[in-house]
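K.L.:
Mind having a look at this structure? Questions to follow.
Bear in mind that the values in this text are calculations on the coordinates, not laboratory data. Please read these numbers as outputs of a predicted model, since none were measured by experiment.
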Amino acid sequence: MADDDHHLYWREWLRLSNLMAFKRYGLTIGSVDMVSVPIDVVLPPDAVAAAAIPLVWQDLLDMATDDERPLMIELAAIDGLPVPELGFELPDGSVISIAWPDQKVGVLLDGEDPQGLIDAGWTAVGPDAADVANSLSVMEGKQCR
């Protein structure tokens, strides 16, 4: 107790004790070495697919509904496919969930009536990525002539 620094150490101990008195759980002091056991990280399939999606498509995925999102992920993986518009409105007021207005191709999700699209001169396609890609390539071929 004759040490001059002892008084300072004691005051620091009291200060820390007062601070720790308000903690809900006890203080645990320890050290951790690097983990030597490999840890397997499993990501959901959507997260893996979304990691490879271009930024333009990422923005659309953020706006897509739960019904549109799986198809949008498949479409984004197709190289050279033009970026669609979500919720495109036709002059008659009907809305196309996923649309390519320049090519006049629209995706109809389950239960949507294709007649409004067909009457407006559009190509109605079901929610299948291969069918959408084929319809767009046919339309682009028509535009090039």
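K.L.:
Multiply the residue gap between ASP131 and GLU85 by 0.36 nm, knock off their C-alpha separation, and tell me the result in nm, one decimal place.
P.N.:
Full-extension gain reported as 14.8 nm.
K.L.:
At 0.36 nm per residue, and after removing the present C-alpha to C-alpha distance, how many nm does the segment from LEU19 to ASP67 gain when stretched out fully?
P.N.:
Length difference between fully extended and current span is 12.1 nm.
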